[in-house]
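Chemist: My questions all concern the structure below.
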Amino acid sequence: MNVKEYNKIDVEDDFYKLLHPKLSLLIVSTDENGKPNVMTCSWSMPVSEVPPLIALAISREAYTNELIRKTKEFTVNVPDMSMIKEIWTAGTRSGKRVNKIELLKLKLAKARRVKAPIIENCIAHLECKLVNAVEAGEITIFLGQVVAAYADKDSFKKGIWDIDKVELPLHLGSKYFTAPRNIKSTR
């Protein structure tokens with residue numbers, strides 16, 4: 001039987017969008033002089049609890065890729081939907097050509113355990129040290145050990161996001177975003 005017999009369409013060019021929506025994150029890295037850069041990343045995931053590791057998939061051409069390789073650390077900042085314009089711009093402009101921190105008027109704060117700063121008005125932060133970099137196609141998968149993790153107490157309760165109080169920006173693909181609207185329990 002072919003695909004059409006199951007009322008399905010071929011989507012090979014958009015295969016990765018079948019795995020969306022994905023949480024949109026703001027990654028902050030710095031150059032060797034401490035000058036910060038921000039980029040949007042939706043290709044991320046936790047990969048280990050002990051030790052606490054996450055993976056980010058970042059284009060080899062991205063300025064952030066270069067900075068993480070040089071400084072071996074970064075912060076992962078979780079914005080809410082109020083920052084949708086910042087999320088879009090940080091993901092569609094290159095830090096090689098424009099200072100996105102200034103352009104977006106982002107307020108940075110000192111991180112607890114790494115040199116790369118955090119974005120103050122984000123609702124959660126992960127501070128990471130680079131453990132490994134794996135080349136995969138046109139991207140690099142950066143494995144970062146989480147050395148600090150913290151969230152707004154009103155947004156993250158009992159180990160889950162309170163989606164009645166926060167709208168998490170989930171990237172659907174292209175210029176489209178959505179947010180979770182309800183919670184269902186298995187009990």
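The values are calculated or read from the model by the stated rules, or taken from the named source; none is laboratory data. Everything numeric here is computed off the predicted structure, so don't read it as measured data. Cβ placement follows ideal geometry from the backbone for every residue including glycine, while neighbour counts extend to all protein chains displayed. Note: areas computed on protein heavy atoms with side chains; ligands, DNA, RNA excluded. Shrake-Rupley method; radii C 1.70, N 1.55, O 1.52, S 1.80 Å.
Chemist: How large, in Å, is region 55-136 by the Kirkwood hydrodynamic radius built from its alpha-carbon pairs?
Modeler: Result for region 55-136, one decimal place: 13.7 Å.
Chemist: Any idea of the accessible area per residue across region 27-175, 1.4 Å probe, to the nearest Å²?
Modeler: 54 Å²
Chemist: Enter the accessible area of CYS128 (Å², nearest 10), with the probe set to 1.4 Å and all protein chains included.
Modeler: Near enough 0 Å² of accessible area.
Chemist: Count charges around CYS128 for me, please; just the other residues with Cβ under 14 Å from its Cβ, Lys/Arg as +1, Asp/Glu as -1.
Modeler: +4
Chemist: Another question, then. Note down the magnitude of the dipole of region 7-153 about its Cα centre, charges +1 on Lys and Arg C-beta and -1 on Asp and Glu C-beta and zero elsewhere, to the nearest 20 debye.
Modeler: Dipole size: approximately 600 debye.
Chemist: Quick one: if you stick a label point 7 Å off each Cα along the C-beta vector at ARG181 and ASP162, how many nm between them?
Modeler: 2.2 nm
Chemist: Here is a further query. Would you grab the residues whose amide H sits under 5 Å from the one on LEU25? Only those 5+ places off in sequence or on another chain, please, with H modelled 1.01 Å from N.
Modeler: CYS41, SER42
Chemist: Consider all pairwise Cα distances in the chain and report the whole-number % of them above 27 Å.
Modeler: Counting every Cα pair in the chain, those more than 27 Å apart make up 29 percent.
Chemist: Compute the normalised compactness of region 113-187: alpha-carbon radius of gyration over 2.2 N^0.38 Å, N being the residue count.
Modeler: 1.39
Chemist: What net charge is computed for the residues neighbouring ASP154, neighbours being all others with C-beta under 9 Å from the C-beta of ASP154, Lys and Arg scored +1, Asp and Glu -1?
Modeler: Summing Lys/Arg as +1 and Asp/Glu as -1 gives +1.
Chemist: Once you keep just the Cα pairs under 8 angstrom separated by 6 or more residues, what percentage relative contact order results for the chain?
Modeler: 24 percent
Chemist: Report in % the part of the accessible area of region 1-112 that belongs to carbon and sulfur, leaving out ligands and nucleic acids; probe 1.4 Å.
Modeler: Carbon and sulfur: 53 percent of the exposed surface of region 1-112.
Chemist: Still on this structure, please answer the following. Can you compute the label reach from LEU103? Point 7 Å from Cα along the Cβ direction, backbone N cut-off under 12 Å, restricted to region 79-94.
Modeler: 86-94
Chemist: Also: Please identify every one of the GluC sites (Glu not before Pro) in region 81-157 that sits in a loop by DSSP and has no more than 10 other beta carbons within 10 Å of its own beta carbon.
Modeler: GLU138
Chemist: Among all the aspartates and glutamates, which ones have a C-alpha under 15 Å from LYS110's C-alpha, if same-chain residues fewer than 8 places away are not counted?
Modeler: Answer for LYS110, where 15 Å is the Cα cut-off: GLU73, GLU120, GLU127, listed by chain and number.
Chemist: List the relative contact order of region 61-168 as a percent without decimals, with contacts defined as Cα pairs under 8 Å and 6+ residues apart.
Modeler: 27 percent
Chemist: While we're looking at this one, here's another question. Can you give me the % of accessible surface on region 120-162 that is carbon or sulfur? Probe 1.4 Å, all protein chains present, nothing else counted.
Modeler: Roughly 55 percent, rounded to a whole number.
Chemist: Oh, and also: Please list, in order along region 89-102, the HN-Hα scalar couplings obtained from phi with the Karplus expression 6.51 cos²θ - 1.76 cosθ + 1.60 (θ = phi - 60°), rounded to whole Hz, x for Gly and Pro.
Modeler: 5, 5, x, 10, 10, 9, x, 6, 9, 9, 7, 5, 4, 5
Chemist: Then there's this: Hey, if we sort ASP10, ASP152 by accessible area with the 1.4 Å probe, largest down, what's the order?
Modeler: Per-residue accessible area, sorted high to low, gives ASP10, ASP152.
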